[in-house]
Amino acid sequence: MMTDWKIAPDQSWNFVTGLAYRWKESANLILGYKTDKLYVSFCFDFLTDVSASILKNPGAMELGAYYIIHKTIIPKTKPIIFCPSL
């Protein structure tokens, strides 16, 4: 589950927050920054299964980033539906 907020209306960046859950394994808290071509996030991942009680530090910090160099524009075309005659 992710959401983003536009903090300053005259700026092109948004603040991103989110929560994620991997079934019976871990949960994530996500914070980040997003523009039209750049996404940077910081995530704290903590274990929720049995191994969390065994490990000394059952969590990890993750840093993620991507930059879109080129966006292709997909043309809007009318879909064609092929239907054979009976």
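The values are calculated or read from the model by the stated rules, or taken from the named source; none is laboratory data. Note that the coordinates shown come from a computational prediction; the quantities given were computed from them, not determined experimentally. Because the Cβ atoms are built from the backbone with ideal geometry, glycine has one as well, and the counts that use them run over all protein chains shown.
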Among the residues of region 59-77, is there at least one that is surrounded by 10 or more Cβ atoms within 10 Å (Cβ to Cβ), in contact with a helix residue (DSSP H, G or I) (Cβ under 8 Å, 6 or more places away or on another chain), within 29 Å of W13 (Cα to Cα) and touching a residue at least 12 places away in the same chain (Cβ under 8 Å)?
no
Looking only at residues that are touching a residue at least 12 places away in the same chain (Cβ under 8 Å) and among the charged types (D, E, K, R) in region 35-58, which one is surrounded by the fewest Cβ atoms within 10 Å (Cβ to Cβ)?
D36
Name the residues in region 1-37 that are more than 14 Å from the chain's Cα centre (by Cα) and of a type in the set (S, T, Y), would you?
S12, S26
Of (1) modelled with pLDDT of 85 or more; (2) in a strand (DSSP E or B), D4 satisfies every one except (1)
Can you confirm whether K34 is of a type outside the set (S, T, N, Q) and within 22 Å of K6 (Cα to Cα)?
yes
Would you mention how many residues in region 8-19 are exposed (fewer than 10 other Cβ atoms within 10 Å of the Cβ) and either among the β-branched types (V, I, T) or touching a residue at least 60 places away in the same chain (Cβ under 8 Å) (or both)?
0
In region 28-43, anything aromatic (F, W, Y) and closer than 13 Å to Y67 by Cβ is listed as Y33, Y39
Pairs with Cβ under 7 Å, 6+ apart, first in region 21-34 and free of Cβ contacts under 8 Å to residues at least 24 places away in the same chain and hydrophobic (A, V, I, L, M, F, W, C), second outside any strand (DSSP E or B) and surrounded by 13 or more Cβ atoms within 10 Å (Cβ to Cβ)
A27/T48
